[in-house]
1. Got a sec? Charge dipole of segment 86-230, +1 on Cβ for Lys and Arg, -1 for Asp and Glu; which of Ala176, Gly121, Ser214 is way out at the positive end?
2. How big is the equivalent ellipsoid of segment 181-224 along its three axes, where each semi-axis is √(5λ) from the Cα gyration tensor, reported in whole Å from largest to smallest?
3. Putting +1 on Lys and Arg Cβ atoms and -1 on Asp and Glu Cβ atoms, find which of Val22, Leu12, Pro46 reaches farthest to the positive end of the dipole of segment 1-66.
4. Going by amide H atoms built from the backbone, whose H comes under 5 Å of the H on Ala80, apart from near neighbours?
5. For segment 101-150, which GluC sites (Glu not before Pro) pass both filters: DSSP loop (anything but H, G, I, E, B) and at most 14 other C-beta atoms within 10 Å?
6. Dipole size in debye (nearest 20) for the chain around its Cα centre, Lys and Arg Cβ +1, Asp and Glu Cβ -1?
7. Under a point-charge model restricted to the Cβ atoms of Lys and Arg (+1) and Asp and Glu (-1), what is the dipole moment magnitude of segment 92-164 relative to its Cα centre, in debye to the nearest 20?
8. What's the magnitude of the charge dipole for segment 181-224 around its Cα centre, counting Lys and Arg as +1 and Asp and Glu as -1 at the beta-carbon? Answer in Debye, nearest 20.
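Values quoted throughout were computed directly from the atomic coordinates according to the rules given, and no laboratory measurement underlies them. What you see is a predicted model; the values in this text were computed from it and never measured. Virtual Cβ from ideal backbone geometry, glycine too; neighbours counted across all protein chains shown.
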Amino acid sequence: MLKAFAELSTPLVADACVRSGVELRAAPAGIRAVVAGQRVAGRVLPVRHYGSVDVFLEAYGAAGPGDVLVVDNGGRVDEACVGDLAVLEARAAGVAALVVWGLHRDTPELVEIGLPVFSYGALPLGPMRLDEREPKALTEARFGPHAVGADDVVFADADGVLFVPVARLDEVLETAAGIARTERAQAERIRSGDTLRRQTAFDEYLERRAADPSYSFRRHLRRVGGAIEE
């Protein structure tokens with residue numbers, strides 16, 4: 001899956017979701033890789049954190065090769081829920097990466113380990129609580145307003161994190177690849193002096209919009225075969 005994502009990006013996948021009618025499920029803004037430049041693509045291995053690492057260890061027992069541990073810590077900013085030992089154990093279990101709705105710690109150690117970890121930042125404080133565990137602790141993770149599970153795939157790069165249903169994955173990736181080809185061709189033409197306005201027949205669009213205010217630029221792009229938004 002990471003190989004299929006290698007020539008794509010989360011913006012391309014997001015545009016493909018819109019074009020394919022797939023619900024957009026993006027992590028709230030601000031999530032970043034601990035090591036800049038790392039990329040993630042894999043099946044979601046969901047887990048909810050309640051203050052103890054035991055739930056991670058239990059989740060690792062169900063991990064398949066290439067799975068991505070998606071940690072629901074409610075977006076808390078008063079504790080770090082993932083550190084070096086949890087990440088080392090994830091690697092030992094065959095987990096490909098961690099994506100955390102919360103904070104991490106042990107940053108130098110995580111950099112040395114090298115397993116991709118995406119979070120909302122670092123904090124030295126570990127959990128000082130132990131909350132009651134919920135029935136869906138190992139089957140569903142909340143990430144912002146979204147609920148994700150093993151029927152989803154997670155993509156992450158420098159632009160953020162997206163979740164896509166496994167059932168629509170091939171369609172979304174194929175559409176994203178098509179958008180990528182169109183945008184790259186457009187970019188090369190701009191570099192060669194053929195402006196985007198000329199490529200997209202922008203003057204014609206303005207004329208049509210003047211005559212028909214409902215005529216959107218997205219509709220126009222689909223008619224002329226361009227891509228810049230969705």
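1. Highest projection toward the positive end goes to Ser214.
2. Computed over segment 181-224, the values are 23, 11, 5 Å.
3. Working it through, the farthest residue towards the positive pole turns out to be Leu12.
4. Hits under the 5 Å cutoff: Leu125, Gly126.
5. Those that pass, being in a loop and sparsely packed, are Glu132.
6. Using Cβ point charges on Lys, Arg, Asp and Glu, the chain gives about 820 debye.
7. 200 debye
8. 220 debye
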